[in-house]
Amino acid sequence: MAYVKWLYRVAFLAVTLLAVAAVYLYSGVTSPVNIDSETKFEVVKGDSAHSLGQRLAQADIIPEAYWTRIAAKLQPAWVPKVGEYAIQPGSSLMEVMALFDSGESIFYDITLLEGKTTQDYLQTMREKGNIKMTLLGLSNEEIAQKLNLSVPHPEGQFFANTYRYHDGDTDVSILKHANGLLVNTLDVLWQSKAEGLPYKTPYEALIMASIIEKETAVPAERPLIARVFISRLQKRMRLQTDPTVIYGLGDEYDGNLTRKGLRSSSPYNTYRVFGLPPTPIANVGRAAIEAALNPGQTKALYFVAKGDGSHAFSNTLKEHNRAVRQYQYKRREDYRSTPQEAE
């Protein structure tokens, strides 16, 4: 009889100890982790419950490394997804492990501005510091091939917009997204273009949009500038636009467009060649494409920067020369051809 009582006592003690251990472990995976503010934590390729526990404990986010294995046992389908995560204060280990399983890692934003070149975009991405750069130093042809573009030159192929990305995403993935958005937007807007435009293809309209984008930052002027250039094309006049010349000069341009530059033999020199340049000269947003495909109404064939960001439009060369003398030969000290960026 004493032996049976002893067995009952041992069994009771064992059950009690197991219950205490279960409560302790359950409390460990359901209590808040040891952080007071949002904490970033990266799940890397090959991470397991064991390795995550070790790193979480080393970071003093949890007190015991083995707790992650307990949490994983409670969720048999749990699989950590690679990415950088934001752990919120007050979260339990179970919630942290569920976050790793969800794949809802931190997004970052990058803004690719209108009027910037592809090389400008690459530099913007490089400056972010957390984008894997694979296209720096490549030629335009190599970039187009890497991105599997439908044209041999990448300029103008990326829609100016703000994009979200994960830490460690590549420049290729971001630019492919931007290209997809550009192609879709151009295709949609092409369907509702005005009649009688001098474009044979959407690509030619994109070239025009890039010129419009570089010529003005004043939204209301885009349709008018589009009409001026369209009228010049229809009258077999040269476009004679400085931004195309500057683009063609490349690194030779030092901020001052000289007579030598205006005499350059570049196919982008619209003072010498007729028609559109061979490619876009910058990346654009929706507004410039809309202006190129649905221009405003004006009889003007000329325009000149007034120095406050806007332009003076003229119907005749005589009027234009008068405007040039007024706005460019007598420039004020605060003269500028485009609006200054807000500080």
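The values are calculated or read from the model by the stated rules, or taken from the named source; none is laboratory data. The shown structure was predicted, so the numbers you read here are calculated from the model rather than taken from an experiment. Here Cβ is always computed from backbone atoms with ideal geometry, including for glycine, and neighbour counts include all displayed protein chains.
Within the stretch 76-92, the residues that satisfy the criterion of being surrounded by 16 or more Cβ atoms within 10 Å (Cβ to Cβ) and either in a strand (DSSP E or B) or touching a Ser or Thr at 6+ places or on another chain (Cβ under 7 Å) (or both) are Gly83, Glu84, Tyr85, Ile87, Ser92. Across the stretch 137-188, the number of residues qualifying as part of a helix (DSSP H, G or I), among the polar types (S, T, N, Q), touching a residue at least 12 places away in the same chain (Cβ under 8 Å) and loosely packed, with under 14 Cβ neighbours inside 10 Å comes to 0.
Just one of Thr111, Thr134, Thr124 is part of a loop (DSSP other than H, G, I, E, B) and either in contact (Cβ under 8 Å) with a residue 24 or more places away in the chain or not basic (Lys, Arg) (or both); which is it? Unique residue meeting the criteria: Thr134. Helices (runs of 4 or more DSSP H) fully within the stretch 212-274 that include at least 2 residues being closer than 20 Å to Pro295 by Cα, touching a residue at least 12 places away in the same chain (Cβ under 8 Å) and of a type in the set (A, V, I, L, M, F, W, C): 222-234. Residues in the stretch 58-73 that are buried (at least 17 other Cβ atoms within 10 Å of the Cβ) and either in contact with a Phe, Trp or Tyr (Cβ under 8 Å, 6 or more places away or on another chain) or more than 12 Å from Ile35 (Cβ to Cβ) (or both): Ile61, Ala65, Trp67, Thr68, Ile70, Ala71, Ala72. Can we say Leu317 is buried (at least 19 other Cβ atoms within 10 Å of the Cβ) and more than 17 Å from Ala217 (Cα to Cα)? No: the conditions fail for Leu317. Yes or no: Gly129 more than 30 Å from Thr216 (Cβ to Cβ) and free of Cβ contacts under 8 Å to residues at least 24 places away in the same chain? So Gly129 fits the description; yes.
Give the residue that is surrounded by the most Cβ atoms within 10 Å (Cβ to Cβ), with candidates limited to residues of the stretch 97-130 that are modelled with pLDDT of 95 or more and either aliphatic (A, V, I, L, M) or over 15 Å from the mean Cα position of the chain (by Cα) (or both). In this case the residue turns out to be Met125. Can you confirm whether Gln297 is surrounded by fewer than 15 Cβ atoms within 10 Å (Cβ to Cβ) and modelled with pLDDT of 90 or more? Answer is yes for this residue.
The set of residues in the stretch 309-343 being part of a strand (DSSP E or B) and at pLDDT 80 or above consists of His311, Ala312, Phe313, Ser314.
Would you be able to say whether some residue in the stretch 154-166 is of a type in the set (Phe, Trp, Tyr), out of contact with any strand residue (DSSP E or B) (no Cβ under 7 Å at 6 or more places or on another chain) and under 14 Å from Leu293 (Cβ atoms)? No: the stretch 154-166 contains no residue that is of a type in the set (Phe, Trp, Tyr), out of contact with any strand residue (DSSP E or B) (no Cβ under 7 Å at 6 or more places or on another chain) and under 14 Å from Leu293 (Cβ atoms). Just one of the listed residues (Ala291, Ala282) is under 30 Å from the mean Cα position of the chain (by Cα) and not in a loop (DSSP other than H, G, I, E, B), and it is Ala291.
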